[in-house]
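**Student:** Structure incoming, see below.
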Amino acid sequence: MNLGSDCSLSKRTDLYALAGYQKASGRTLDAKGSSVVAQASIGDFGVSSGADNQALVVVGIRHKF
């Protein structure tokens, strides 16, 4: 599940926020092809939670040149 928002402060500056949650269940294959318990891993951040659920929150300010 994901939720995001973008709020414009001016013509070139805005605030943004993104929240995500993932719940993994069952089994999957590891790099060696062995069956292992599934672990949650959100997007391209490459950070496995080491558990079956993971939450992510990102907030920031963006200025376009």
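What follows draws every value from the coordinates through simple rules; no lab data is involved. Just so it is clear, the model here is predicted, and its values are computed rather than measured. As a convention, Cβ positions derive from the backbone with ideal geometry for all residues, glycine included, and neighbour counts pool all protein chains shown.
**Student:** Could you list, in sequence order, all residues of the stretch 1-45 that are more than 13 Å from the chain's Cα centre (by Cα), among the basic types (Lys, Arg) and farther than 18 Å from Arg62 by Cβ?
**Tutor:** Matches in the stretch 1-45: Arg27, Lys32.
**Student:** Something else about it: Taking the stretch 15-65, which residues are in contact (Cβ under 8 Å) with a residue 12 or more places away in the chain, assigned to a loop (DSSP other than H, G, I, E, B), hydrophobic (A, V, I, L, M, F, W, C) and surrounded by 10 or more Cβ atoms within 10 Å (Cβ to Cβ)?
**Tutor:** Residues satisfying the conditions are Ala24, Ala38, Ala40, Ile42, Ala51.
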